[in-house]
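Input: a single structure, listed below in structure tokens.
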Amino acid sequence: MAFEKSAGAVIFRKEKDKIYYLLLHYPSGSRSQKDYWDFSKGHIEKGEKPEETARREAKEETGIKDLKFVEGFKEWIKYFFKFKGESVFKIVTFYLAETKTKKVKISSEHIGFQWLIYEQAAERFKFKNAKEILKKANSFIEKSSAVNY
């Protein structure tokens, strides 16, 4: 069985008294039969630390360069998927990152994006593990003194 390691970021921005989360719209294809919404993420390249991957992928996929990682938040998800008939076991490390950038320039890997408040974002996700990461991130922001809003 193949094994993959990726890293990504739950990207958020503050606007007045609200927190908005960035969701990317992934097309259907080899990894999913239907299109879906998820966070920015990608493969960890050789010699790269997971946080570096999350920063690089965010820049490549969204054009956002001003990410500020929130200390103390690091979560993992694990899942299996089929790729070219082979089972793949994947682990993704997620970080929480704040941006002041509202404008997003998505890559060709995606078919759209949205900035959504927590409740709206939670409804967009079709995968339970993505909903769990969002829930943990939102709870962390609400309890964190590092993120003042």
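See the values below:
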| quantity | calculated |
| --- | --- |
| Inter-label distance for Glu109 and Ile91, nm, one decimal - labels placed 7 Å from Cα along Cα-to-Cβ | 2.0 nm |
| Segment 18-99 shape via C-alpha gyration tensor axes, a/c threshold 1.5 | prolate |
| Spin-label pair Phe3/Glu60, simplified geometry with 7 Å Cα→Cβ offset, distance in nm | 2.2 nm |
| Rounded if a/c under 1.5, otherwise prolate or oblate - segment 75-142, Cα gyration tensor axes | oblate |
| Which listed pairs, of Lys59/Lys128; Lys34/Lys82; Lys14/Lys143; Lys49/Lys143; Lys65/Lys102; Lys105/Lys128, have C-alpha distances above 19 Å, in listed order | Lys59/Lys128; Lys49/Lys143; Lys105/Lys128 |
| Under 20 Å from the Cα of Lys46 - aspartates and glutamates, other chains or at least 8 residues apart | Glu4, Glu57, Glu60, Glu61 |
| Acute angle (nearest 10 degrees) that the helix 128-143 long axis makes with the longest principal axis of the chain, alpha-carbon atoms | 20 degrees |
| Pairwise FRET efficiency - Phe69 versus Lys34, Cβ, R0 = 41 Å, nearest 0.05 | 0.85 |
| For Val70, distant residues with modelled amide H under 5 Å away | Leu96, Ala97, Glu98 |
| For peptides 40-49, 15-24, sequence by mean Cβ density within 10 Å, most packed first | 15-24, 40-49 |
| Equivalent-ellipsoid semi-axes of the chain, from the Cα gyration tensor, Å, largest first | 24, 17, 15 |
| Cβ-placed point charges (K, R +1; D, E -1), dipole of the chain about Cα centre in debye, nearest 20 | 100 debye |
| Estimated inter-spin distance, Lys102 and Lys18, nm [label 7 Å along Cα→Cβ] | 1.1 nm |
| Among 5-14, 110-119, the order from most to least packed when residues are scored by Cβ within 10 Å on average | 5-14, 110-119 |
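Where a number appears in this text, it was derived from the coordinates with a stated rule and is not lab data. Keep in mind it's a predicted model, so treat the numbers as computed, not measured. Note that we place each Cβ from the backbone using ideal geometry, even for glycine, and neighbour counts take in every protein chain shown.
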